[in-house]
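*Asks:* My structure is below; once you've seen it, I'll send some questions.
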Amino acid sequence: MAIIPRMSRQVARSLLRWGKKGKDPDLLLRVQIVACAGRGESAIAITELVGCVRSSVYRTVARYVDGGREGLLDERVNNGRRLADAEFCAAVGQLLTGHPGDHGFTRPTWTRELMIKVAEAETGVRVSLAVMGRVLRRLGARRGRPKPVVACPLSDRQRRRRLAKIRILLETLPSDEVAVYEDEADIHLNPKIGIDWMPRGVQRKVMTPGKNAKPYIAGALDARDGTVLWVGATAKTSALFVAILNKLAEHYVEARRIHVVLDNYGIHYSHETRRALAQLPQIVLHFLPPYCPDHNRIERLWQDLHANVTRNHRHATLFALCDAVARYLGEVSPWPRSHVRRGAGANPTAVADSAENRAAA
């Protein structure tokens, strides 16, 4: 290591004040290294005091011996204009709002290499992969799965009007009436594949039974207190929907009116459903606009169900999977309260033919 002449306390303090004025943490670290070396500290002691490696100590001391204070400054200031400036970052941010096809490429997804090409064509600046990665981090960009959506066939005015009626209903709900969100969910024996942590160089394997089987559940989420009610069946038919309607009528026996907010799936207005509704005059259905699942709160409960139970699951039999689903739904009522599976519940594969055999959430 190069030798720094012994510094007086006054010179060391002056050097530290100069380093703090620069407001550069790397410069301050180099100044601290030099100040320690000026007091006669060894390289090993300096690494423990300032928290760096010995090579940084040797390099910093050599820079100070060769160039004095100016030798400690960031040498990249002489590299010229910064390529990834605010204008370049704004151009990359604009690219992220579109698709490669907008620029004549057939690839449907962005890569860093592709963004470098397009950004260079638009700004005249070419950067490396590492710089593009830093730009994306600076913009807060992330790699994720796109969300598939379907356009609502109603006009914007019709869609807003229908949603406004449901919103006003929920906001002005009398105390003797109940409103619930209703929907159905599929439980696949073949696991849903999701992102998971795993060691570097290792891809976790999820065993699948090969031949898929799936029961179905119909659930209702109380819009006021989060109570979860559900029933299960082996087929997603009108009988499943009628079963959850009967479940609601039995659970809210004192309610003057039960408002059910739901989507436009066929079983919700079939002949069998209408015959059942004629026997349940306290239940009123309120249909959401087509293809608007974000306005059905129970969809979020299904997402939690899949995240906590069905995604990457290791259940070998349908009975074991359904038992896990039942335990989870029995625990989360009222939702959201807990995402930890405890307790027990019924098997949703059983056809819901009587209220006594259908487990309450």
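The values are calculated or read from the model by the stated rules, or taken from the named source; none is laboratory data. Just so it is clear, the structure is predicted and the values come from calculations on it, not from any experiment. Cβ sites come from the backbone with ideal geometry, for glycine too, and all protein chains shown count toward neighbours.
*Asks:* Which of (1) surrounded by fewer than 15 Cβ atoms within 10 Å (Cβ to Cβ); (2) in a helix (DSSP H, G or I); (3) of a type outside the set (Val, Ile, Thr); (4) not assigned by TED's automatic domain parsing to the domain that holds Leu28 is the odd one out, the single condition Gly68 does not satisfy?
*Replies:* Condition (4) is where Gly68 drops out.
Okay, residues lined up against (1) in the same structural domain as Ala179 (by TED's automatic domain parsing); (2) of a type in the set (Lys, Arg):
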{"position": "Arg200", "(1), (2)": "no, yes"}
{"position": "Thr237", "(1), (2)": "yes, no"}
{"position": "Ala243", "(1), (2)": "yes, no"}
{"position": "Ala249", "(1), (2)": "yes, no"}
{"position": "Val261", "(1), (2)": "yes, no"}
{"position": "Thr273", "(1), (2)": "yes, no"}
{"position": "Val284", "(1), (2)": "yes, no"}
{"position": "Arg297", "(1), (2)": "yes, yes"}
{"position": "Leu305", "(1), (2)": "yes, no"}
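*Asks:* In region 275-326, what residues are charged (D, E, K, R) and in a loop (DSSP other than H, G, I, E, B)?
*Replies:* Result: Arg297, Arg314.
Here is a yes/no grid of residues against (1) closer than 24 Å to Pro334 by Cβ; (2) within 29 Å of the chain's Cα centre (by Cα); (3) surrounded by fewer than 19 Cβ atoms within 10 Å (Cβ to Cβ):
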site: Glu171; (1), (2), (3): yes, yes, yes
site: Ser175; (1), (2), (3): yes, no, yes
site: Ile187; (1), (2), (3): yes, yes, no
site: Ala249; (1), (2), (3): yes, no, yes
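*Asks:* Here's a follow-up. Can you go through Ala218, Ala223 and tell me which one is in contact (Cβ under 8 Å) with a residue 12 or more places away in the chain, within 26 Å of Ser333 (Cβ to Cβ) and within 24 Å of the chain's Cα centre (by Cα)?
*Replies:* None of the others qualify; the one that does is Ala223.
*Asks:* Among the candidates Val125, Val149, Val135, single out the residue that is surrounded by 11 or more Cβ atoms within 10 Å (Cβ to Cβ), of a type outside the set (Ser, Thr, Tyr), not in a helix (DSSP H, G or I) and not assigned by TED's automatic domain parsing to the domain that holds Ala316.
*Replies:* Exactly one of Val125, Val149, Val135 is surrounded by 11 or more Cβ atoms within 10 Å (Cβ to Cβ), of a type outside the set (Ser, Thr, Tyr), not in a helix (DSSP H, G or I) and not assigned by TED's automatic domain parsing to the domain that holds Ala316, namely Val125.
*Asks:* How do the pairs read when you match residues in region 111-135 that are of a type in the set (A, V, I, L, M, F, W, C) with residues anywhere that are exposed (fewer than 15 other Cβ atoms within 10 Å of the Cβ), using Cβ under 6 Å and keeping only pairs 6 or more apart or on different chains?
*Replies:* Val118/His103; Val125/Leu83; Val127/Leu83
*Asks:* For region 262-289, what are the residues that are over 20 Å from Ala223 (Cα atoms) and within 30 Å of the chain's Cα centre (by Cα)?
*Replies:* The one that is over 20 Å from Ala223 (Cα atoms) and within 30 Å of the chain's Cα centre (by Cα): Tyr265.
*Asks:* Would you mind telling me which numbered condition in (1) without any contact (Cβ under 8 Å) to a residue 40 or more places away in the chain; (2) in contact with a Phe, Trp or Tyr (Cβ under 7 Å, 6 or more places away or on another chain) Arg69 fails?
*Replies:* Here Arg69 meets the rest and fails (1).
*Asks:* Give all pairs with beta carbons closer than 7 Å in which a residue from region 146-169 that is on the phi > 0 side of the Ramachandran plot meets a residue that is of a type in the set (Ser, Thr, Tyr); count only pairs at least 6 apart in sequence or on separate chains.
*Replies:* From residues that are on the phi > 0 side of the Ramachandran plot, there are no pairs.
*Asks:* Return the total of residues in region 187-206 being touching a Lys or Arg at 6+ places or on another chain (Cβ under 7 Å) and farther than 18 Å from Leu305 by Cα.
*Replies:* Count: 1.
*Asks:* Just one of Ala320, Ala346, Ala316, Ala307 is closer than 20 Å to His251 by Cβ and either exposed (fewer than 14 other Cβ atoms within 10 Å of the Cβ) or at pLDDT below 95 (or both); which is it?
*Replies:* Only one candidate passes the filter, namely Ala346.
*Asks:* Provide a single number: the residues in region 323-343 that are basic (Lys, Arg) and modelled with pLDDT of 90 or more.
*Replies:* 1
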